[in-house]
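To start, the structure itself, in structure tokens.
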Amino acid sequence: MSAAVRGRSRRGAGRPKKRSDRTGRFSLLLALLALALAVVAGRLVYIQMIVGPAYASEAAEQRTSDIVLSPERGFILDREGEVLAESMEARTVYAVPSAVKDKQATATAVARVLGGEESGYLEKLNKGATFVYLARRVEVERAESLEELGLQGIGFLEDSRRVYPNNELACQVLGFVGVDNDGLAGIEKFYDELLAGETGRLICERDPDGRPIPGGVSQEVEPVNGQDIVLTIDADIQYQAQVMLAETVKEWGAKSGSVLVMDPETGELYAMASLPTFDPNTHTAASEAAYRNRPLLDTYEPGSTIKAMTASAVIDAGLFKPESMIELPPTLKVGGRTIHDAHTRPKTVTWSLTDIVTHSSNIGAAKVAMELGGDSLYDYFARFGLTRRTGVDFPGEAIGWLPPTDQWSSSSIGTIPFGQGISVTPIQLARAFSVIANGGTLVTPHFLKSVPDSPAMDISWPTEQVDIKPETCETMRSVLVNVVEEGTATRGTVKGYQVCGKTGTAQKARTDGKAGYAPGRYVSSFTGFLPADDPQVLILITLDEPSKAIYGGTVAGPMFGQLAAYCVEHLKIPPGDPVTPVPQSDGG
């Protein structure tokens, strides 16, 4: 074979191999394309089927705002319709952080108009959220001033804010609300369900600049405003009580003080005040002590005011009459403890039961109670409500302490009858005196008078007829008239009216971990009601640690007389028929 032929044969043999290479490369491309398509398809499946819902939810969150719409809180009114707490128009200021171009300048502008820390606003604007509150309950004027600046990404919603137009008036009774307009203390807290209303919601889609998206998701649930409530409080009596209490605390150098005024027939509370006070409009600036509604939250040893219950018990049990004579030594030893009267007597005297109450004899109270016995004395004190809470419509009511007789010491039967070794709250003691005033009924002290928006609502307060004879109560009213006209309570008189009253000067227990009483520290008090024949106003005053005098008749009596005189004039209560005081004995 020639060389030419061999060459052609070799070249011809290479052609099939060239076609095979092309086929291989094509197959490889197809395989790569198929793989790419498979990767894309897998990615699409992953995005749409596996993580798609999460992405969709995140996208919805980025463009959807869910805004709480606050209801207008109900008004609180006094018994005559005067506004004690109201809701005024306000604005909520919010931001869409992604729409705020110059966050630093915006934070500076907001702080300049609304007040507050610039750094706080800047922190909110730097959040990754689609919607943030910058300020709630903003005064309309301030919000309008901010709106006029035309800040990008800043928006405004209608809102309301709580205002107490009389500032400190009835502050501890009313309490206050928080930033979300929910009741945090006092009546605002106790009746929050009535006052608060129901919040609404606004759900809408917005673009990155915070503008509503046309045709986007939008849903609005209107808020339901709260209901107004009317209290038994009389704003005029409340004002006088607070002014007089402040003057009295200052005059006698007391640490603090409290006063309550109530109708002993119904339990309606006309006024209640404590010192120190605070302004609920700026409650965050006040101390914890100023928040305390002392007549309901503080307990103390009642001292001699409890002698009215002791005397009632021995009269009701048939052991003594007001004119019964009792021999009283200068001192009395009971269970290893020596009992003295506040004013030392050098010799034995014979006094009537009326004298014992009128001149507030500790020895006399101990002697008649010992005749009654511990179990019976405890039982009578329980009938007067001194072993339980009153049920007043106020959060956190405290309860005093009257130990059962199996916990009494050997001297308890000598000291408990004149108010040592037990404790009460002022509202407990006021309700106990109401039993004497109204003829034997335990009432429920209360603040709520009506709910105008719900006239069908049942607003009734429990009463309990206790096992004390009406004649006993009538007799005790005559004895208590004598206390004011002839005894320790003469500074509590009211011109033209007969007053029933009892004073108290109680030592305070030590707080240094030692047993006994703190020297020189007293709670001085005066409890009374009028007119004597048909009591319609009861007043209880306490002064904590007065420094210039200690006796209840001296430090609290004059305030009682002034406040009682104002009450009967303001409420147009006639003097009533005279009650014949029980005559004092001439025993010496």
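Table for the structure above
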quantity	calculated
Residue that is touching a residue at least 60 places away in the same chain (Cβ under 8 Å), β-branched (Val, Ile, Thr) and part of a loop (DSSP other than H, G, I, E, B), where the choices are THR130, THR92	THR130
Which numbered condition THR338 fails, given (1) touching a Lys or Arg at 6+ places or on another chain (Cβ under 8 Å); (2) β-branched (Val, Ile, Thr); (3) surrounded by fewer than 21 Cβ atoms within 10 Å (Cβ to Cβ)	(1)
For GLY216: the one exception among (1) in contact with a strand residue (DSSP E or B) (Cβ under 6 Å, 6 or more places away or on another chain); (2) at pLDDT 95 or above; (3) assigned to a loop (DSSP other than H, G, I, E, B)	(2)
Tally, over segment 387-431, of residues that are in a loop (DSSP other than H, G, I, E, B) and out of contact with any Phe, Trp or Tyr (no Cβ under 9 Å at 6 or more places or on another chain)	11
Selected residue (only one of GLU222, GLU247, GLU198 is surrounded by fewer than 15 Cβ atoms within 10 Å (Cβ to Cβ) and at pLDDT 95 or above)	GLU247
Options THR527, THR444: the member that is closer than 29 Å to PRO395 by Cα, in a strand (DSSP E or B), β-branched (Val, Ile, Thr) and at pLDDT 95 or above	THR527
Some residue of segment 470-485 being more than 23 Å from GLN238 (Cβ to Cβ), part of a loop (DSSP other than H, G, I, E, B) and not hydrophobic (A, V, I, L, M, F, W, C)	no
Subset of segment 530-557 (residues that are under 25 Å from the mean Cα position of the chain (by Cα) and either in a loop (DSSP other than H, G, I, E, B) or under 15 Å from GLY303 (Cα atoms) (or both))	LEU540, ILE541, THR542, LEU543, ASP544, GLU545
The one condition in (1) acidic (Asp, Glu); (2) over 30 Å from ASP393 (Cβ atoms); (3) out of contact with any Ser or Thr (no Cβ under 8 Å at 6 or more places or on another chain) that GLU118 fails to fulfil	(3)
Segment 101-120, residues that are within 27 Å of ASN181 (Cβ to Cβ) and among the aliphatic types (A, V, I, L, M)	ALA107, ALA109, VAL110, ALA111, VAL113, LEU114
Enumeration of residues in segment 567-583 that are surrounded by fewer than 17 Cβ atoms within 10 Å (Cβ to Cβ) and not in a loop (DSSP other than H, G, I, E, B)	GLU569, HIS570
Any pair with Cβ under 6 angstrom, 6 or more apart, that starts in segment 506-523 at a residue that is without any contact (Cβ under 8 Å) to a residue 24 or more places away in the chain and ends at one that is part of a loop (DSSP other than H, G, I, E, B) and of a type in the set (Gly, Ala, Ser)	ARG510/GLY516
Any hit, segment 494-517, residues being crowded, with 24+ Cβ neighbours inside 10 Å, hydroxyl-bearing (Ser, Thr, Tyr) and more than 21 Å from VAL261 (Cα to Cα)	no
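Matching residues to (1) crowded, with 22+ Cβ neighbours inside 10 Å; (2) over 20 Å from LEU540 (Cα atoms); (3) modelled with pLDDT of 95 or more:
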{"position": "VAL357", "(1), (2), (3)": "yes, no, yes"}
{"position": "ALA365", "(1), (2), (3)": "yes, yes, yes"}
{"position": "ASP375", "(1), (2), (3)": "no, yes, yes"}
{"position": "PRO395", "(1), (2), (3)": "no, yes, yes"}
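The values are calculated or read from the model by the stated rules, or taken from the named source; none is laboratory data. These numbers come from a predicted model, not from an experiment. Every residue, glycine among them, receives a Cβ derived from its backbone with ideal geometry; neighbour counts consider all protein chains shown.
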